[in-house]
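Only one structure is covered here, and it is reproduced in the block below.
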Amino acid sequence: MASSSARQLILLRHAKSSWPDVPDHERPLAGRGRRDAPAAGRWLRESGHVPDRVACSTAKRARETWNLAEEALDAHPRTTFEERVYGATPAELLELARETPSTVRTLMIVGHEPAMRNLTLELAGAPSANGANHAFERVTAKFPTAAIAVLAFDGDWPELAPGQAHLADFAVPSDFRSHTHGQG
């Protein structure tokens, strides 16, 4: 990868939730979400995108997503459950990322739409001609449940700003299935 100051911000949208008659914050994962969340964790592990630290929304569907993904990740990064991730704007998530200690190389935020997609597009800016176009187009089209965006940048966390990152990877649940069946 790049220099020793290379960092990664991983944005994981919570997996598919169900819609029981409960407050939005308390909505649990649906069956598909309970299958996709561990697959996301395996994809992260197999792709070498293992976070040092995780900031997870306090919403039940996000907590369940992270708990299942973490089991499959086979790593246990320091995790905080952040009330401010639930309902956050892209600017609020960016501020949270900028507060990350310099010892952390890879931060993952487990959150919600539309902030995941909008922050990805904002940080990545215009796609370059080096193959990131396809990933950028996919994010532009849709950031589905359990999708993962991996943004790489050089510098320290307080320096992270719009247009300063590179969209290194973007995966959705169908990618996890093909990845675990021999697709690299």
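Odds and ends about this structure:
- Scanning segment 63-75 for residues that are crowded, with 21+ Cβ neighbours inside 10 Å and of a type in the set (A, V, I, L, M) yields a total of 3.
- Test result for A88, at pLDDT 95 or above, out of contact with any strand residue (DSSP E or B) (no Cβ under 6 Å at 6 or more places or on another chain) and more than 16 Å from A147 (Cβ to Cβ): yes
- Among all residues of segment 6-15, there is at least one that is closer than 27 Å to D156 by Cβ and surrounded by fewer than 20 Cβ atoms within 10 Å (Cβ to Cβ).
- Within segment 63-82, restricting attention to residues that are in a loop (DSSP other than H, G, I, E, B), in contact (Cβ under 8 Å) with a residue 24 or more places away in the chain and at negative phi, the residue that is farthest from the chain's Cα centre (by Cα) is A75.
- The residues listed here are L96, L151, L107; of these, the one that is at pLDDT 95 or above and in a helix (DSSP H, G or I) is L96.
- One residue stands out among those in segment 16-38 that are more than 18 Å from P144 (Cβ to Cβ) and among the charged types (D, E, K, R): the one that is surrounded by the fewest Cβ atoms within 10 Å (Cβ to Cβ), which is D21.
- When L12 is tested against the conditions (1) in a helix (DSSP H, G or I); (2) within 20 Å of L119 (Cα to Cα); (3) touching a Ser or Thr at 6+ places or on another chain (Cβ under 9 Å), the lone failure is (1).
- Being touching a strand residue (DSSP E or B) at 6+ places or on another chain (Cβ under 6 Å), farther than 29 Å from D156 by Cβ and not aliphatic (A, V, I, L, M) holds for only one residue in R27, R34, R78, and it is R27.
- Scanning segment 152-163 for residues that are within 12 Å of L123 (Cβ to Cβ) and surrounded by 15 or more Cβ atoms within 10 Å (Cβ to Cβ) yields a count of 3.
- Qualifying residue in segment 102-118 (condition: under 16 Å from A149 (Cβ atoms) and among the polar types (S, T, N, Q)): yes
- Scoring S178 on the criteria (1) polar (S, T, N, Q); (2) modelled with pLDDT under 95; (3) in a loop (DSSP other than H, G, I, E, B) leaves a single failure, condition (3).
- Of all residues in segment 133-148, those that are modelled with pLDDT of 95 or more and of a type in the set (G, A, S) total 2.
- Residue list for segment 39-62, restricted to those being crowded, with 20+ Cβ neighbours inside 10 Å, of a type outside the set (F, W, Y) and part of a helix (DSSP H, G or I): A39, A40, G41, L44, R61, A62
The values are calculated or read from the model by the stated rules, or taken from the named source; none is laboratory data. The shown structure was predicted, so the numbers you read here are calculated from the model rather than taken from an experiment. In this analysis, Cβ positions are derived from the backbone assuming ideal geometry, glycine residues included, and neighbour counts consider all displayed protein chains.
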